[in-house]
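Okay, structure first, notes after.
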Amino acid sequence: MSFSALSHLECSRTGERYDADAVQGVSQAGVPLLARYDTELAGRTLTREALTTRPATLWRYHEMLPVRDPASIVSLGEGMTPLLPLPRYGARIGVPGLLMKDEGLIPTGSFKARGAAVGVSRAAELGVKGVAMPTNGNAGAAWAVYAARAGLRCLIAMPVAAPAITRTECVAAGAELWLVDGLIGDAGRLINAAVRERGGYQEVSTLKEPYRLEGKKTMGYELVEQLGWQVPDVILYPTGGGVGLIGIHKALREMQELGWIGDRLPRLVAVQATGCAPIVRAYEQGADVSEPFPDAATVAFGITVPKALGDFLVLRAVRETGGTAIAVTDEATLAEQRRLAADEGAFICPEGAACLAAARDLRDTGFIGASDRVVVLNTGTGLKYPETIPVEVPTLPVDGRIQNVR
Ligand SMILES: *Cc1c(COP(=O)(O)O)cnc(C)c1O
């Protein structure tokens, strides 16, 4: 019996194999490494029945995760977030079968906790002493808190424009924090230089180490398990670096190998903002990779990624599943964020709201049918983005005269 059935790492372009029990970055070809498992071995203990008695965290799928020793797990209770029906809002946009996987209810309030939990656990297991990364905020906050729990050093660089609370989270967790007057790519160059100059840190930028993806893929396992081992018709995902979408696609393929689901896969939709839509542009042009998006800017800050290392994997996942890539305006995103909160009581992040705007548009074009079961990923809580909802109400006088208040 093995706790993890991890067998090796594989270059996502050439298929070349790499040792999974050494610290690895990207492949020789400079592209992400993907973790591969012995699914036959995993399937001996990881069964749909066995899952019914396991704890409600992402570690329930441990055979298909990279951590070999249960004692290496660094956890704050992440995973098994609710899959909420959205009946009132769904009826509003003509998709009564609309569901939302709500990642706002996870440590640090964003799904970045999944990648951090698995990435930090595995890094510590392999003897890494420090981690360093550029971030649009949420990933840095998540890695900072998990690194603290694991006793690892942590160096984070983020744009000054990233959500302010994510700075606070990094500082609270004792990470070293750099603010950069630029975008995530600029932060990445600083981190890259720091890691080379300082030593003692592993660079854990998006898809530059193989295990963050493994954490994020668990969203795919969970949502299928929560649907009673049925796959939905469509999944919409707010795409920055694309790790969640690549991960969900990987999870679906693995579940096919495990014999848990059939041939039919959900159509995967990469949602971006019109202010930063490199992958949508590449999709529309029929290209296999994206070009850096000029002057990138959107209120959905977590998806402000002008050029993603894993763009070709996102495009592949979208095309292989008959999905699509679509961009929505900030105006539409903010309007849906408010409608959803008022309709369903869920205050979600703008990245998640972008998926709602996309669902509405795709229903209008007919890509989504009236009877489709559609899952949107809400990747974080609205509480991390308080400035997205203007509050214009009067302050009342204290003398109790309320009749003058409109
Ligand atoms: C990071 C982030 C995203 C994008 O995730 P990727 O895996 O980089 O595509 C979406 N939403 C939120 C809230 C994020 O923090």
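Structure summary
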quantity	calculated
Ala358 buried (at least 19 other Cβ atoms within 10 Å of the Cβ) and either within 22 Å of the chain's Cα centre (by Cα) or within 16 Å of the ligand (Cβ to nearest atom) (or both)	yes
Where Leu213 falls short, out of the listed (1) within 16 Å of the ligand (Cβ to nearest atom); (2) farther than 15 Å from Val269 by Cα; (3) more than 9 Å from the chain's Cα centre (by Cα)	(3)
Hits in the range 134-188 - residues which are in contact with a Leu (Cβ under 6 Å, 6 or more places away or on another chain), assigned to a strand (DSSP E or B) and surrounded by fewer than 20 Cβ atoms within 10 Å (Cβ to Cβ)	Glu176
Test: residue in the range 17-37 that is basic (Lys, Arg), closer than 24 Å to Gln256 by Cα and part of a loop (DSSP other than H, G, I, E, B)	no
Check on Gly94, more than 16 Å from the ligand (Cβ to nearest atom), at pLDDT 95 or above and at positive phi	yes
The range 282-302, subset within 15 Å of the ligand (Cβ to nearest atom), under 20 Å from the mean Cα position of the chain (by Cα) and in a loop (DSSP other than H, G, I, E, B), residue farthest from Glu336 (Cα to Cα)	Ser290
Any chance Gly199 is away from the ligand (no atom under 16 Å from the Cβ) and either surrounded by fewer than 24 Cβ atoms within 10 Å (Cβ to Cβ) or without any contact (Cβ under 8 Å) to a residue 24 or more places away in the chain (or both)	yes
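This table checks each residue for (1) part of a helix (DSSP H, G or I); (2) surrounded by 24 or more Cβ atoms within 10 Å (Cβ to Cβ); (3) touching a helix residue (DSSP H, G or I) at 6+ places or on another chain (Cβ under 8 Å).
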site	(1), (2), (3)
Tyr221	yes, yes, yes
Gly228	no, no, no
Leu236	no, yes, yes
Ile248	yes, yes, yes
Arg253	yes, no, no
Trp260	no, no, yes
Ala270	no, yes, yes
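The values are calculated or read from the model by the stated rules, or taken from the named source; none is laboratory data. Everything numeric here is computed off the predicted structure, so don't read it as measured data. Cβ: placed from backbone, ideal geometry, glycine included. Neighbour counts: every protein chain shown.
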